[in-house]
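The values are calculated or read from the model by the stated rules, or taken from the named source; none is laboratory data. What you are looking at is a predicted structure, and each value in this text was computed from that prediction instead of being measured. Positions of Cβ are generated from backbone atoms using ideal geometry, with glycine treated the same way; all protein chains shown enter the neighbour counts.
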Amino acid sequence: MDHDLELRFQKLTKHLEQSFGEDLDIHAMLFLIGVNEYGKGHKKYSKQEKTDLIHVAICTLLVPSGYYEFKGRDEEGWPHFELLNKLPSIGSDEQQHLIKEALLDYFKVNNYYSENLLS
């Protein structure tokens, strides 16, 4: 695994833990992105809604890479995406790398995080 990526990701995790509590893992970050993209804020979500929120997050993260395209929202406000390019068959290490890079990019692009912040 890329040592630089791991250090950058740890710094992001520490930054987010200041607002959202300790032990924030990738799934928790995906959930946060899903909630943010859904736009309905913090509330109690059903198990299916949590799964849907994580799916929204993954699609959102993969839009800049050209895998998905945002198509719009349904009557309940849920974002919908279209798969443009099939995801390559990659191992779990490469998957982790892709997701961590995408998480870093998402939080930077949306001005929730800057790599220049002091820890």
- Query: Quick one: what pairs do we get from segment 3-30, first residue in contact (Cβ under 8 Å) with a residue 60 or more places away in the chain, second loosely packed, with under 11 Cβ neighbours inside 10 Å and small (Gly, Ala, Ser), C-beta under 6 Å, 6+ apart or different chains?
  - Reply: Lys11/Ser119; Lys14/Ser119
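Can you tell me which residue in segment 56-94 is modelled with the lowest pLDDT, limited to those that are among the acidic types (Asp, Glu) and surrounded by 12 or more Cβ atoms within 10 Å (Cβ to Cβ)? Spell out how you get there, then give the answer.
The first filter runs over segment 56-94 and keeps only residues among the acidic types (Asp, Glu), leaving 69, 74-76, 82, 93-94.
Now restrict to residues that are surrounded by 12 or more Cβ atoms within 10 Å (Cβ to Cβ): 69, 94.
Values: Glu69: 97, Glu94: 89.
Selected residue: Glu94.
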- Message: Could you tell me how many of the residues in segment 37-78 are under 15 Å from Asp105 (Cα atoms), among the polar types (S, T, N, Q) and assigned to a helix (DSSP H, G or I)?
- Response: 1
- Item | Any pair with Cβ under 6 angstrom, 6 or more apart, that starts in segment 35-48 at a residue that is within 20 Å of Phe70 (Cα to Cα) and touching a residue at least 24 places away in the same chain (Cβ under 8 Å) and ends at one that is hydroxyl-bearing (Ser, Thr, Tyr) and assigned to a helix (DSSP H, G or I) | Glu37/Thr60
- Would you point out which residue out of Leu24, Leu5 is under 17 Å from Leu103 (Cα atoms) and not in a helix (DSSP H, G or I)? Leu24
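Does Leu53 satisfy the condition of being aliphatic (A, V, I, L, M), surrounded by 11 or more Cβ atoms within 10 Å (Cβ to Cβ) and either modelled with pLDDT of 95 or more or touching a strand residue (DSSP E or B) at 6+ places or on another chain (Cβ under 6 Å) (or both)? Talk me through it step by step, then tell me what you get.
Values: aliphatic (A, V, I, L, M): yes; surrounded by 11 or more Cβ atoms within 10 Å (Cβ to Cβ): yes; either modelled with pLDDT of 95 or more or touching a strand residue (DSSP E or B) at 6+ places or on another chain (Cβ under 6 Å) (or both): yes.
Yes, satisfied.
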- Message: Within segment 81-101, does at least one residue satisfy the condition of being hydroxyl-bearing (Ser, Thr, Tyr), under 29 Å from Glu6 (Cα atoms) and in contact with an Asp or Glu (Cβ under 9 Å, 6 or more places away or on another chain)?
- Response: no
- Message: Looking at segment 83-98, can you tell me whether even one residue there is among the β-branched types (Val, Ile, Thr), in a helix (DSSP H, G or I) and at negative phi?
- Response: no
- Item | From the options Lys50, Lys100, Lys86, Lys44, residue that is within 24 Å of Leu16 (Cβ to Cβ) and over 14 Å from the mean Cα position of the chain (by Cα) | Lys44
